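The values are calculated or read from the model by the stated rules, or taken from the named source; none is laboratory data. Bear in mind that the values here come from a model prediction, so they are computed numbers and not experimental data. Cβ placement follows ideal geometry from the backbone for every residue including glycine, while neighbour counts extend to all protein chains displayed. Keep in mind that these areas ignore ligands, DNA and RNA; they rest on the heavy atoms of the full protein, side chains included. Shrake-Rupley method; radii C 1.70, N 1.55, O 1.52, S 1.80 Å.
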Amino acid sequence: GIQVEQSPPDLILQEGANSTLRCNFSDSVNNLQWFHQNPWGQLINLFYIPSGTKQNGRLSATTVATERYSLLYISSSQTTDSGVYFCAVRRYSTLTFGKGTMLLVSP
Amino acid sequence: DAGVIQSPRHEVTEMGQEVTLRCKPISGHNSLFWYRQTMMRGLELLIYFNNNVPIDDSGMPEDRFSAKMPNASFSTLKIQPSEPRDSAVYFCASSLFEAGGSSTQYFGPGTRLLVL
């Protein structure tokens, strides 16, 4: 099956810092989503981004489908950004998740 | 919309007991997914339905697991008999699948299952 690799596995930031999370995938995909799992376990959909660039407030994402990677940018990080960020790719109708990047933003 | 609704939110049971997890997808969505999350294996797709029909159940771990979707607004995931290794968070998600279009999956809050 398709492989999804996320980096870095862990990240610690000071509040206000910027960060870039990466997702590499091993085959062509029909779509790609970024999720944030907050410390309470809730999975929140951030972006549906099979290609191109999208922005939502302090977050933005870019997917280069031809090179099989996606980047999630977090600017001016806040403590509420802490949690695990998952990249998930879809071939046909199923999502395959990466192992996630655990982010801790300290005050 | 209330989003995807799952019940119960927490379940503690003893080994050998039957466990039933419930999910109500977002109204109008035609695809429903059951996932399991553990520390060891991360997030795994167990089964997904399209228009109430099971399409891919290759992720269902074994015969102790079964899932049904009797109508567009309700699905169950049953484990019988339950075992301690089934302890996990079980997520239900739904989406509106349209050929060539967006099919963002929206997740419920999950059911935390502990089998003693």
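The table for this structure:
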{"item": "Residue in region A:81-92 that is surrounded by the most Cβ atoms within 10 Å (Cβ to Cβ), counting only those that are at pLDDT below 95 and more than 10 Å from chain B (Cβ to nearest Cβ)", "result": "A:Val89"}
{"item": "Qualifying residue in region B:76-92 (condition: within 11 Å of another protein chain (Cβ to nearest Cβ), open to solvent by 20 Å² or more (accessible area, probe 1.4 Å), more than 11 Å from B:Val19 (Cβ to Cβ) and not in a strand (DSSP E or B))", "result": "no"}
{"item": "From the options A:Leu72, A:Leu59, A:Leu43, A:Leu95, residue that is touching a Leu at 6+ places or on another chain (Cβ under 9 Å), crowded, with 20+ Cβ neighbours inside 10 Å and away from every other protein chain (no Cβ under 14 Å)", "result": "A:Leu72"}
{"item": "Counted residues, region B:45-57 - those being on the phi < 0 side of the Ramachandran plot, more than 10 Å from every other protein chain (Cβ to nearest Cβ) and open to solvent by 30 Å² or more (accessible area, probe 1.4 Å)", "result": "3"}
{"item": "Out of B:Met15, B:Met60, sole residue that is open to solvent by 40 Å² or more (accessible area, probe 1.4 Å), over 15 Å from B:Val89 (Cβ atoms) and either basic (Lys, Arg) or away from chain A (no Cβ under 11 Å) (or both)", "result": "B:Met15"}
{"item": "Positions within region A:45-68 being more than 19 Å from A:Leu11 (Cα to Cα), in a strand (DSSP E or B) and within 11 Å of the chain's Cα centre (by Cα), in sequence order", "result": "A:Asn45, A:Phe47, A:Tyr48, A:Thr62, A:Thr63"}
